[in-house]
Amino acid sequence: MTIFLINVGNTVYDKYTLPLIEKLCDFNNINLFILEQNISQNIYGLHPSWLKLFCHRLVNDDFILCWDLDLVPTKLYNLEKMFNKEFLNMTYDRGFIEENFTFNSKFKYNCGLIGIPKKYESFFENIYYKYGSTAIYPSYEQYYVNDEIYDNSLEINVVDSVLNSMYYGDEIFSENVLNIHYTYKISSNQHRVDLTKLHFEKFKEFFNL
């Protein structure tokens with residue numbers, strides 16, 4: 001199992017998120033692969049978020065967990081037992097859960113955390129080539145991935161949302177939340193930087209940092 005993380009460009013908040021993610025990988029003895037530059041497969045020059053669609057081209061592993069850089073653990077925990085490696089593993093998007101937001105009636109799953117078995121390598125790469133030249137949806141690859149899941153009636157192993165608890169404003173997360181995802185209700189990158197810095201200061205003691 002490998003955690004695949006994209007850190008292309010000057011994100012700034014990586015200095016607050018990466019140390020915690022690295023500690024979680026060490027705790028679980030899981031390989032961490034960090035993509036730090038564009039790849040030749042990105043022929044349409046799309047946002048780095050699209051590059052997760054090539055994760056199995058870049059990493060040789062039977063199961064890859066694509067993990068957004070702004071998805072930050074709150075504690076050390078046993079990660080592998082929470083996934084079924086025979087299926088795609090995803091969480092429901094919080095907008096779908098709380099607001100029944102489905103975008104174009106096909107959207108359910110947040111792409112900030114995706115467990116991808118090797119057998120889906122071509123499926124994900126084909127999403128890039130099918131839509132990349134004319135991509136107009138917001139949220140980069142996310143709605144296109146959901147379109148293909150819906151259109152192909154794929155079975156998804158829906159994992160607990162405590163692994164991908166999306167930031168929704170000034171709130172207190174319950175103690176059982178394992179990862180907080182600083183997305184959706186984020187107004188700017190500086191807002192994300194400020195929040196992840198606060199996260200680091202709040203939780204670093206649980207990671208011996």
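The values are calculated or read from the model by the stated rules, or taken from the named source; none is laboratory data. What you are looking at is a predicted structure, and each value in this text was computed from that prediction instead of being measured. A quick note on method: Cβ atoms are made from the backbone with ideal geometry, for glycine too, and the neighbour counts reach across all protein chains shown. The accessibility values were calculated without ligands, DNA or RNA, using every heavy atom of the protein model including side chains. Shrake-Rupley method; radii C 1.70, N 1.55, O 1.52, S 1.80 Å.
Worth a mention:
- Of the numbered criteria (1) closer than 22 Å to Glu99 by Cβ; (2) part of a loop (DSSP other than H, G, I, E, B), the one Arg192 fails is (2).
- Residue check, Lys75 within 30 Å of Asn208 (Cα to Cα) and either of a type in the set (Gly, Ala, Ser) or assigned to a helix (DSSP H, G or I) (or both): no
- Residues within the stretch 92-111 that are surrounded by 21 or more Cβ atoms within 10 Å (Cβ to Cβ) and over 24 Å from Arg57 (Cβ atoms), tallied: 2
- Members of the stretch 153-167 found to be touching a residue at least 24 places away in the same chain (Cβ under 8 Å) and open to solvent by 50 Å² or more (accessible area, probe 1.4 Å), listed by number: Glu155, Val158, Asp160, Ser161
- Candidate set from the stretch 175-189 (those that are of a type in the set (S, T, N, Q) and without any contact (Cβ under 8 Å) to a residue 12 or more places away in the chain); member that is most open to solvent (accessible area, probe 1.4 Å): Ser187
- Odd one out for Ser40 among (1) open to solvent by less than 10 Å² (accessible area, probe 1.4 Å); (2) within 30 Å of Ile136 (Cβ to Cβ); (3) not in a strand (DSSP E or B): (1)
- Any hit, the stretch 112-119, residues being over 30 Å from Pro19 (Cβ atoms), in a helix (DSSP H, G or I), open to solvent by 70 Å² or more (accessible area, probe 1.4 Å) and among the basic types (Lys, Arg): yes
- Meets criteria (touching a residue at least 40 places away in the same chain (Cβ under 8 Å), buried (at least 17 other Cβ atoms within 10 Å of the Cβ) and either under 24 Å from Asp62 (Cα atoms) or touching a strand residue (DSSP E or B) at 6+ places or on another chain (Cβ under 9 Å) (or both)) for Asn84: no
- Here Ile21 fulfils each of the conditions (1) open to solvent by less than 30 Å² (accessible area, probe 1.4 Å); (2) farther than 25 Å from Thr134 by Cα; (3) out of contact with any Leu (no Cβ under 8 Å at 6 or more places or on another chain) apart from (3).
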